[in-house]
Every structure is written in structure tokens, then in C-alpha cells.
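Reviewing the structure listed below.
The values are calculated or read from the model by the stated rules, or taken from the named source; none is laboratory data. Model, not experiment: these values are computed from the prediction. When we count neighbours, we look across all protein chains shown, and the Cβ atoms used for this are built from the backbone with ideal geometry, even at glycine. SASA here: full protein model, heavy atoms, side chains in, ligands and nucleic acids out. Shrake-Rupley method; radii C 1.70, N 1.55, O 1.52, S 1.80 Å.
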Amino acid sequence: MELQKTSKFTSRWGFILSAVGSAVGMANVWGFPAKMGANGGGAFLVAYLIFIALFSAVGLSAEYAIGRRARTGTLGSYQLAWSTRNDKLSKVGGVIGWLPLAGSMCIALGYAVIISYVLKAFFSSVTGDLMNVDTNAWFESFSGADYSVIPFHIIIVVGTLLTLLLGAKSIEKSNKIMMPLFFIIFVVLAVRVAMLPGAVEGYKFMFTPRWEELKDPMVWIWAMGQAFFSLSVTGSGMIVYGAYLDDKEDVVQVAVRTAVFDTIAALVAALVIIPACFAYGLDVGAGPSLLFVTLPRILQDIPFGQVFAIILYTAMIFAGVSSLQNMFEAVGESLQHKFPKLSRKIVLVILCVVCLGFGLHMEPIAKWGPWMDIVSIYIIPIGATLGALSWFWIMKRAELMDEINRGVKKPHGGFWHNAGRYLYVPCAIILCCVALFMKVAF
């Protein structure tokens, strides 16, 4: 089922902000600073930027292109890619497409739970409770308890799905508000953190490459994994946004711009977290607890800490919801493609019921963590690899290049396709093998 012609983003920047909204999320705000802190600081940044450049120009643009070519989401795009090789392979592609799609849904289920915790932190900031507690005890009081954030989970799930009612138009409108505010909020926080005594040591750690660290292959592996997931190149989510992209747009150019803003978001988040941790002598590689234990402790000690706490968690909610939009949209559109008699409202209701039911079962973060590990270690890397192989080894080169060169002033040649086939695909396979056999959770 091809998308209606009205289901498109109305402007290039509307599309880019929506794509950036999908990419900007927890992976940027705690994942990037934590991995940077644990893997050599400036050395990690060098490796990360190399992978971001490759994955955006080749991998992300390919997902945009295949979505626009098929004018539908995950399932239809895999069917199209495989059918270009042989019509009989269309069904094979459709079956394969279910795995990366399942990855999007599984991540969405767990992601909605963690955003509920962020919303609880926001309300605790508004009431002032967060400013007067032992943050460890406060976090443990609800993170290990059943049914502790049900109201917040309902608000997040229902609110996110309501923003999807009008498809591309509602996604675009909401992200035109959320993403600029996200950047403004984190810039304000970064300026405040810069005033902390000792913050300069954090900047030195971030921007002084320790070249000897680049000899460690795991620095490159962690940087590669972070780049994959920061850009949401998972063989599913970004495809549906490509389906909403106008034929006049240069997909490579749009993909690179998406990566630039996503990288700026990650760096701005790091400029808040890493210098603050250095100023207070805290563990910069603490992961999720940075948001709920470390940063609240810092905010308790600075003037107007409550105001900055409210600002921080507002930005985090925007980042989380914008990413959740993409995951739900990928699944919802594919369900409509597979079952065309289902209306968009019915599909969103189904997703809402499934997500809320899952949240009740998996709400404590002690359950959420292992679930997200399983998804990120197994399902997502496999989905990303299947996508890479489908676009660059299964789909006919002429078909893919025709779409890549649609709307461009200067056509991309064999170098682009070879970079995808011989650089991007091996990176995806390496990531998959490392995740599966070494059990490194990116």
C-alpha cells in the first residue's frame, strides 16, 4: 500500500528536525557522555566522528532512499528491495523485514518505560522534592517497585501516540517545537555548568585526543556502536521518514544534515554532563544513573538548581518522545501496509494497548534493563545488518542509485555505492558479531 500523497513533510527543515528528533534521545544524553567517559574522551570522539560521517552519508541516506522509493515503511521497503533482484524474492524480503520492525517495537516498549521515569523526575523537580532528598534512596524508592510510575507511563504512551494521529504533519509540527527547545535548553545548561569550579578539566578530557587510546580496538567498537544507534540506523525506523520525503530532496545531503544536528546534540549533552562530573569528582561513565542520581546531586548544590532541574528533564522528555514517535510510526505504518483495512486510529489504539500492557509487566527498571539489553544485543544489530545487506548486496545497484540521485545537482557515482558495500556493510556485520558473540551491549 503506497502512502497517500498528502502524507509528506511540508518542508526540508521540518523533515530534518523530525529525523533529528528520532535520532536524539537517551543514546545522546547519557549514552554518548558515558561511552566517551569510559573510552578515552577525545580519542573516542575522533573515532565516533569518523563513523558518523560514513554512516550518515551512506547508511542513513540509503534508508531514506529505500523508504522514498517504496513510498512505504519497513515491510514494503524490504519487499521492494528484494523484488528488484527477482519478483519471487519479494515475499522473502517481506519476511526478513519483520525482524528489524520487531526491533523498533521492542525498543519502543522499553523506551516508554524509561521516559516515564524521566517524567516522574520532572514532576519531582517541579514540586521541589528532588532538591531535598538523597538521590540514591529517591531513585531506588521507585525504580525497584512494581507499578510505581503507572500515571506517568500512561501520559507518555497516550501523549506520544496522539502526536501521530495526522502522520507526517503532526510529527513535523511537534518536532518543530520540541527540537529547537531541546537545543536551547541544553545550551543554557552547558553555560551554567561552565561556571562550575573544575569544569575545565572536563573540557580537556573531551577535546584532547589521547592518540594511544586509538590503538585499543574496543574504543573503535564502542564508537561504531554509538554512531549506529545515535543515528537510528537500524534497518527500520528511518525508512518510514524517508517514505514521507519529497522527490526533490537530495537524500544524502539531508542525511548528512541530520547527522550534523544529531552530533551537535550529543556534544552539547556531553558539555553538560562531563564537565559537571569532573567538577564534582563523579563517575562520568555511570550510564542511566547519571540522569537520576548524579545530575540531581549536582543540581542540589548550585544556585537555582530547581529551575535547572526542571529545564533538564523538560529537554529529556522532548528527546524521548521525539524518538518514541519514530519507533511507533515505523510499526504503525507497516501494520497499515500489511493490513490496509485497518484505519490509522485503530492501529494507534492497538499500539497503545500493547505498550501499556507491557509497561505494567516490565515497569521496574530492574526488569527493563535486561529487556533492553536483549533487544540491543541481539535484535537491533541483526536488523541493522539485514538492512545493510538488503540495500547494498540484494537490491539492484541501478535501482538504488536512481533513487539516491533523484533531486541532486551532481549525481553520486560508484564511489558512494562501493562505500556502502565495502565499508558500511562490513561495519554492520562487525557490530552484529561483536554484539552477539562478545555480548557487548551498545
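What number comes out for accessible area per residue over region 25-119 if the probe is 1.4 Å? Units Å², please.
So region 25-119 comes to 24 Å² accessible per residue, rounded to a whole number.
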Compute, for region 222-292, the length of the dipole vector about the Cα centre, with Cβ point charges of +1 (Lys, Arg) and -1 (Asp, Glu) only. Units Debye, rounded to 20. 180
For a quick check, take a GNM of the chain with Cα springs below 10 Å and name the residue from F415, F358, F328 with the largest mean-square fluctuation. F415
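Output the direction-averaged projected area (hull surface divided by four) of the convex hull of the alpha-carbon atoms of region 77-129, in nm².
The number I arrive at for region 77-129 is 4.2 nm².
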Max mean-square fluctuation residue, GNM over the chain, Cα-Cα springs under 10 Å, options E212, E333, E140: E212
Measure nothing fancy, just the Cα-based angle from helix 344-362's long axis to the longest principal axis of the chain, in degrees from 0 to 90, nearest 10. 40
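Highest first, please rank the peptides 110-117, 346-353, 308-315, 391-398 by the mean number of other Cβ atoms sitting within 10 Å of their residues.
Sorting 110-117, 346-353, 308-315, 391-398 by mean packing, highest first, produces 110-117, 308-315, 391-398, 346-353.
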Segment I346-L423, length gained on full extension (0.36 nm per residue, minus Cα span): 23.6 nm
quick shape note, region 158-310: Cα extents on principal axes in Å, largest first -> 50, 43, 24
Could you please tell me the mean projected area of the C-alpha convex hull for region 240-310, averaged over all directions and given in square nanometres to one decimal? 6.9
If you place +1 on the Cβ of every Lys and Arg, -1 on the Cβ of every Asp and Glu, and leave all else neutral, what size is the dipole of the chain about its Cα centre, to the nearest 20 Debye? 1420
At 1.4 Å probe radius, can you tell me the per residue accessible area of region 253-349 in Å²? 34
Among W211, V252, G235 the positive-end extreme of the charge dipole of region 191-302 (Cβ point charges): W211
Structure shown: which of K341/K409; K120/K248; K176/K409 lie over 32 Å apart, alpha-carbon to alpha-carbon? K341/K409; K120/K248
Tell me, in nm to one decimal, what length is gained between L360 and I177 on full extension, where the rule is 0.36 nm per residue of separation less the Cα-Cα distance? 62.8 nm
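How many times 2.2 N^0.38 Å is the alpha carbon radius of gyration of region 74-199?
Region 74-199 yields a ratio of 1.53.
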Can you tell me the orientation of helix 251-280 relative to the chain, as the angle in degrees between its alpha-carbon axis and the longest Cα principal axis, to the nearest 10? 20
For volume of the Cα convex hull per residue in Å³, several values are listed as (1) 128; (2) 311; (3) 237; flag the one computed from this structure. (1)
Quick one: with all protein chains in place, what share of the accessible area of the chain is carbon or sulfur, to the nearest percent (1.4 Å probe)? 67
Rounded to the nearest 10, the angle in degrees between the Cα long axis of helix 150-162 and the longest principal axis of the Cα atoms of the chain comes to 40
Beta carbons within 10 angstrom, averaged per residue: use that to sort the peptides 300-306, 261-267, 149-155, highest first. 261-267, 149-155, 300-306
Full-stretch length increase - W393, D246 - with 0.36 nm per residue and alpha-carbon distance subtracted: 50.3 nm
Grab every C-alpha pair in region 279-321, bin the distances at 5 angstrom width from 0 up to the longest one, and report whole percents. 5, 21, 28, 25, 17, 4, 0
